[in-house]
Every structure is written in C-alpha cells, then in structure tokens.
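Colleague: First the structure, then my questions, so here it is.
The numbers here are math on the coordinates, done by the rules we state, and not lab data. Just so we're clear, the structure is a prediction, and the values are computed from it rather than from any experiment. Virtual Cβ from ideal backbone geometry, glycine too; neighbours counted across all protein chains shown.
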Amino acid sequence: MVIRTFDKAPSTGPLMLKAVLPAIPVIGGLPGVRHAKGSVPDIVLERTGVRTDHAHLETYNEVCGFPRSDVLPATYPHMAAFGLHMSLMTDTAFPFAPMGLVHLRNTITQHRPIGVDETFDVSVRAADLRPFPKGSLVDIVTTVSIAGELVWEEITTLFSRHTGGGAETSPAPLAGVEAPDGVVHWKLGGDLGRRYGAVSGDRNPIHLYPLTAKAFGFPSNIAHGMWTLARSLSAIQNRLPAAFTVDAEFRKPILLPGTVVFGSRVVEDDLVFGVKGAKKPVTHLVGRVVPQA
C-alpha cells in the first residue's frame with residue numbers, strides 16, 4: 001500500500017486539465033496519460049488537520065440552501081475530499097479515464113455531526129471494481145475522523161461505460177425505491193453548474209456551459225449530482241437525526257436551466273425523497289435517509 005499525504009487540498013484546476021487529456025485522441029494513448037486496466041490502485045490519499053474555512057462554508061450554504069449552523073451540513077465534508085478524489089482518479093494507476101465516468105450513486109454515513117470549528121482528518125481510496133451492465137462500477141471510499149474517531153464516511157460509486165460488463169454482483173442500495181411525488185418547485189438557472197463548480201472545485205465541462213456540455217454529448221450543461229443531493233438534504237434538514245445514512249441514486253441528469261420538483265415521505269422509520277422533472281415525470285434523483293443508533 002502506498003500512502004500519499006497532502007498538507008493542503010490539491011488544486012483542482014490542473015487536475016481537471018489532467019483529467020481531460022486521456023479523452024483526447026492520440027494523446028490519451030501516450031505513456032504517462034493512458035490509464036492502466038484491470039484493478040484499483042493500492043493507494044491511500046490523506047489530509048490531516050483540516051479546518052473549515054467559514055467564508056467558504058457560507059458560500060456553500062448559500063448555493064445549496066443550507067441554513068447557518070454550528071455543525072457542518074452532511075454533504076460538506078465531500079468538499080474537503082474532492083481534491084483527493086481528483087488526485088486519485090487522474091493517477092494513471094486508476095483503471096478508468098475520469099472524463100468518461102458517471103457518478104451513479106452516493107452513500108454518506110454521518111456517525112455524529114461535525115462542529116464547524118473542529119479539526120478533522122480525511123482519507124480517500126478506491127475499492128470494489130465490479131461488473132455492471134454495459135461496463136463497470138468502482139467506488140471511491142472517503143473517511144473523516146477526529147482524534148481517531150470515525151465521524152463521517154462516504155462511498156462514491158462511479159460507472160464506466162465500455163464493452164463487456166455483466167450483471168451487478170450485489171443489489172443496488174435503492175433497487176425498487178421510487179422518488180415520491182412532491183409540490184416544491186425549484187427553478188434552476190443556467191449558471192447553477194458554474195456557481196456550484198466555483199465552490200466545490202468540480203469544474204467538469206459538462207456542468208459549465210451548453211457549448212462545453214455538447215462536446216461530451218449533452219444537449220445542455222447539467223447540474224452536479226452532489227448539488228442535487230445537498231439541496232435535497234437542505235430541504236429536509238430539520239427532519240434529519242444526528243446520526244444517519246443517506247443513500248442516493250442519480251438516475252437522469254438535470255438539464256440547465258430548468259425546473260424540478262422535490263418530494264419526500266416517511267416509509268416506516270426511513271425518510272425517502274426525490275427530485276423529478278416539472279414538465280415530464282422523469283426521476284433525476286432518489287434518496288433514502290436511514291437513522292443510525
């Protein structure tokens with residue numbers, strides 16, 4: 001195992017450029033650019049002593065709809081980990097070129113709230129490369145600890161489309177779960193991807209402008225999946241327990257600008273939520289919050 005330690009968040013600008021290179025014909029096949037195949041790298045990326053920038057948190061809350069609080073939103077530690085995610089995915093030992101990946105699912109477990117002034121450590125690794133219809137799935141596993149105590153963890157599941165593939169070896173966390181109907185409409189501006197990209201560091205071209213998104217096969221730029229999840233959790237913030245697991249599945253991209261509808265309902269002890277199109281009943285996101293003891 002190789003452990004790489006960072007004393008600050010990696011700059012995502014150069015990493016985004018590095019992520020694009022493998023998608024360029026000829027250049028993508030060159031040594032030092034071409035990604036290896038066959039397994040996940042035995043690499044762990046770490047940041048220690050991470051402190052929250054209050055101004056950055058304020059901007060994040062504004063973009064995602066969270067109220068001010070003395071604890072972090074459940075999705076916010078993803079911000080501290082994103083640069084490590086990019087460093088891992090752009091490493092040529094990672095089995096897939098980053099620009100071809102689709103963020104399919106996300107699972108976050110908050111074991112306890114993290115105070116805005118607490119210092120924490122972040123660790124990131126890849127795991128569980130497995131078959132999926134028309135391609136493969138791979139997980140990026142993130143953990144956050146405070147003084148050795150695991151307080152937050154995340155599984156980011158990515159889909160790589162390629163020939164071959166096969167049936168998934170285990171059931172999807174939200175198999176059979178459908179997004180509830182809702183009445184709350186969110187009108188999303190065409191600049192949403194740029195606004196969230198500025199605060200998250202995720203400036204993937206598919207989120208920024210119609211022209212850059214069309215270059216990757218989308219009719220317009222699309223909202224970030226992690227924004228949609230964050231905005232959904234902000235809508236039910238006052239109903240979230242202190243400790244919980246939230247599973248989310250991103251089923252269809254949200255084209256910008258546009259209007260979507262948010263809904264939620266209680267199913268036994270769980271809280272199921274979802275985001276659908278306002279004009280067409282297509283499901284963009286479905287999620288479920290399960291309380292933890």
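Colleague: Please report, in debye to the nearest 20, how large the charge dipole of the chain is about its Cα centre when each Lys and Arg carries +1 at its beta carbon and each Asp and Glu carries -1 there.
Modeller: Approximately 1240 debye in magnitude.
Colleague: Another one. Residue by residue through the stretch 272-289, what is 3J(HN,Hα) from phi via Karplus (6.51 cos²θ - 1.76 cosθ + 1.60, θ = phi - 60°)? Round to whole Hz and write x for glycine and proline.
Modeller: So the J values, rounded to whole Hz, are 9, 9, x, 10, 10, x, 7, 8, 10, x, 7, 8, 8, 8, 10, x, 8, 9.
Colleague: A further question follows. For each pair in K37/K134; K18/K134; K214/K280; K187/K252; K8/K187, compute the distance between the two Cα atoms and list the pairs where it is over 24 Å.
Modeller: K18/K134; K8/K187
Colleague: Turning to a different aspect of this structure: Which order do I3, I43, I108 fall in if you start with the one that has the fewest other Cβ atoms within 10 Å?
Modeller: I3, I43, I108
Colleague: Can you give the Rg to Rh ratio of the stretch 48-185, both from alpha-carbon atoms, with Rh computed by the Kirkwood formula?
Modeller: Over the Cα atoms of the stretch 48-185, Rg/Rh equals 1.01.
Colleague: Starting from the Cα of V282, step 7 Å along the direction of its Cβ; do the same at D181; then give the gap between the two resulting points in nm.
Modeller: Result: 2.1 nm between the two label points.
Colleague: Please state, as a whole number in µm²/s, the translational diffusion coefficient that the Stokes-Einstein equation yields for the stretch 173-293 at 25 °C and 0.890 mPa s, with Rh defined as the Kirkwood radius across alpha carbon pairs.
Modeller: It diffuses with D of about 165 µm²/s by this estimate.
Colleague: Compute, for the stretch 173-293, the length of the dipole vector about the Cα centre, with Cβ point charges of +1 (Lys, Arg) and -1 (Asp, Glu) only. Units Debye, rounded to 20.
Modeller: I would put it at about 580 debye.
Colleague: Based on the Cβ-Cβ distance from D7 to S39, what FRET efficiency comes out when R0 is 30 Å, to the nearest 0.05?
Modeller: The pair D7/S39 has a calculated efficiency of 0.55.
Colleague: Right, next: Within the stretch 220-293, list the trypsin sites (Lys or Arg not before Pro) lying in a DSSP loop whose Cβ has at most 10 other Cβ atoms in a 10 Å radius.
Modeller: K279
Colleague: Continuing with this model, one more query. Using the number of other C-beta atoms within 10 angstrom as an exposure proxy, rank V2, V116, V289, V275 with the fewest first.
Modeller: Listing V2, V116, V289, V275 from fewest to most nearby Cβ atoms yields V2, V116, V289, V275.
Colleague: Show that you can apply the helix-only estimate: for the chain, add -39,500 (n - 2.57) for every DSSP H stretch of four or more residues, divide by all residues, and state [θ] at 222 nm to the nearest 500.
Modeller: It lands at -6000 deg cm²/dmol.
Colleague: Counting only the backbone N, which residues of the stretch 84-116 are under 14 Å from the spot 7 Å out from the Cα of S170 toward its beta-carbon?
Modeller: 106-108
Colleague: GNM, the chain, Cα, under 10 Å: largest mean-square fluctuation among P281, P205, P241?
Modeller: P281
Colleague: Continuing with this model, one more query. Lys/Arg Cβ at +1, Asp/Glu Cβ at -1, dipole of the stretch 231-293 taken about the Cα centre: which of P257, I236, V275 is farthest positive-ward?
Modeller: Toward the positive end, the furthest listed residue is P257.
Colleague: Going by Cα centres, the stretch 172-220 and the stretch 52-114 are how many Å apart?
Modeller: Comparing the Cα centres of the stretch 172-220 and the stretch 52-114, I get a distance of 15 Å.
Colleague: With a 10 Å Cβ neighbour count serving as the proxy for reagent exposure, in which order, fewest first, do T163, T142 appear?
Modeller: In order of increasing Cβ crowding within 10 Å: T163, T142.
Colleague: Show me the trypsin sites (Lys or Arg not before Pro) within the stretch 8-107 that DSSP assigns to loop and that have at most 12 other Cβ atoms within 10 Å of their Cβ.
Modeller: Here the sparse-neighbourhood loop sites are K8, K37, R51, R68.
Colleague: Could you tell me what % of all Cα pairs in the chain have separations over 25 Å?
Modeller: 47 percent
Colleague: So, one more: Residues of the stretch 100-124 with amide nitrogen under 18 Å from the 7 Å Cα-to-Cβ point of L17?
Modeller: Once the point is set 7 Å along Cα→Cβ of L17, nothing inside the stretch 100-124 turns out to lie under 18 Å by backbone N.
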